[in-house]
Amino acid sequence: MREPFSAGESPLPHDGGIAMPPGPQWRCRLLPAPGVAGEPLSAAQRQHAQALLQQLRPAGIALAAPVPHPAGLLCHARPAADGRVQAYALLRSDRSVEMAAVLPTGCWPPHAHAWWPGVYEIPLLQQLTPLLLPLAGALALPAPRSLQMTLLALQGSALIAKHRHGSERAYPLPPGVDRIALPPVALDHCNDDFRSALIRALDQVRLCAGAGAATAFYL
């Protein structure tokens with residue numbers, strides 16, 4: 001039985017990359033334990049994994065049915081006229097999963113590219129139990145599995161957060177900061193310890209922008 005997803009022509013442009021619009025981007029990878037090979041997948045496991053992959057909603061954005069891609073199997077949002085997509089989920093041939101989304105931004109003078117809190121955090125938390133844990137199980141990913149997140153293309157952007165006095169304001173990312181790699185979080189059980197570790201990781205973006213710790217909106 002061929003393992004686990006055949007490569008094919010990408011429905012999106014070019015050299016195996018995935019074309020996305022400009023702007024701040026959230027990327028999250030679901031990774032197996034390094035250097036540990038999993039057991040071959042059954043046909044039922046592959047079918048289940050494909051169904052779960054399509055249900056993922058990076059930053060709350062719906063994805064279309066999976067299609068072959070040179071790196072594995074790809075679900076992506078509806079392309080714009082120029083072929084770029086706002087979000088995707090990619091199941092790689094090594095069974096790792098990568099999802100990404102360009103964050104919706106707006107103008108908060110003087111910042112032209114500001115995004116609202118929770119735009120990627122809340123959908124991630126909502127999908128942990130119904131989708132990500134079952135997907136890791138369907139793919140038979142060896143433990144300890146981990147979530148590794150990165151914020152990209154941050155130069156010139158700002159996030160919206162409440163000031164300590166209660167009013168909202170825009171917090172620009174420091175000059176020269178274009179990328180923030182968050183601490184990896186072990187994903188074996190969706191318990192209180194895991195959620196606390198995940199929230200601490202997510203808070204690093206706010207801390208980098210000088211916005212302080214998050215409030216309970218993550219939960």
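Some points to look at:
- Bridge type composition, the range 85-219 - antiparallel percent by DSSP, nearest 5: 90
- Couplings for the range 126-134, taken from phi via the Karplus curve 6.51 cos²θ - 1.76 cosθ + 1.60 with θ = phi - 60°, read 5, 9, 4, 6, x, 10, 5, 5, x Hz in order; Gly and Pro are left as x.
- Result for the chain in a Gaussian network model with C-alpha springs under 10 Å: among ALA143, ALA49, ALA59, the largest mean-square fluctuation is at ALA143.
- The angle between the Cα long axis of helix 43-55 and the longest principal axis of the Cα atoms of the chain comes to about 20 degrees, rounded to the nearest 10.
- Per-residue ellipticity at 222 nm from helix content only, as computed over the chain with -39500 (n - 2.57) for each DSSP H run of at least four residues, stands at -6000 deg cm²/dmol.
- The residue among PRO21, ALA114, TYR88 whose Cα reaches farthest toward the positive pole of the charge dipole of the chain, with charges on the beta-carbon of Lys, Arg, Asp and Glu, is ALA114.
- Counting only protein chain heavy atoms and rolling a 1.4 Å probe, the accessible areas of CYS75, CYS107, CYS208 rank, largest first, as CYS107, CYS208, CYS75.
- Most to least accessible of SER42, SER96 (protein chains only, probe 1.4 Å): SER42, SER96
- Shape metrics for the chain, restricted to C-alpha atoms - Rg then Dmax, Å: 17.8, 61
- Solvent exposure, largest accessible area first (probe 1.4 Å, DNA, RNA and ligands not counted), of ARG95, ARG29, ARG179: ARG179, ARG29, ARG95
- In the full protein context, the chain carries 48 Å² of accessible surface per residue, based on a 1.4 Å probe and ignoring ligands, DNA and RNA.
- Solvent-accessible surface (1.4 angstrom probe) belonging to ARG145, in square angstrom, nearest 10: 40
- Diffusion coefficient, µm² s⁻¹, Stokes-Einstein with Kirkwood Rh over alpha-carbon pairs of the range 147-204 at 10 °C and 1.306 mPa s: 121
- Taking all protein chains together and rolling a 1.4 Å probe, ASP203 ends up with roughly 20 Å² accessible.
- Geometric descriptor of the range 38-102, per residue, is 84 Å³ (volume of the convex hull of the Cα atoms).
- Database remark: amide H of HIS113 closer than 5 angstrom to the amide H of TRP108, ALA158 (H placed geometrically; neighbours at sequence offset of 5 or more, or on other chains; Pro and chain starts carry no H).
- Apportionment of accessible area to carbon and sulfur, the chain, percent (1.4 Å): 54
- Of the residues GLU168, GLU121, GLU98, the one that moves most in a GNM of the chain with alpha-carbon contacts below 10 Å is GLU168.
- In range of the label at ASP178: residues from the range 87-130 whose backbone nitrogen is under 18 Å from the point 7 Å along Cα→Cβ: 102-103, 113
- Between 0 and 90°, nearest 10: helix 192-208 axis offset from the chain longest Cα axis: 50
The values are calculated or read from the model by the stated rules, or taken from the named source; none is laboratory data. Here the structure is a predicted model, which means the values were calculated and not measured. A quick note on method: Cβ atoms are made from the backbone with ideal geometry, for glycine too, and the neighbour counts reach across all protein chains shown. Keep in mind that these areas ignore ligands, DNA and RNA; they rest on the heavy atoms of the full protein, side chains included. Shrake-Rupley method; radii C 1.70, N 1.55, O 1.52, S 1.80 Å.
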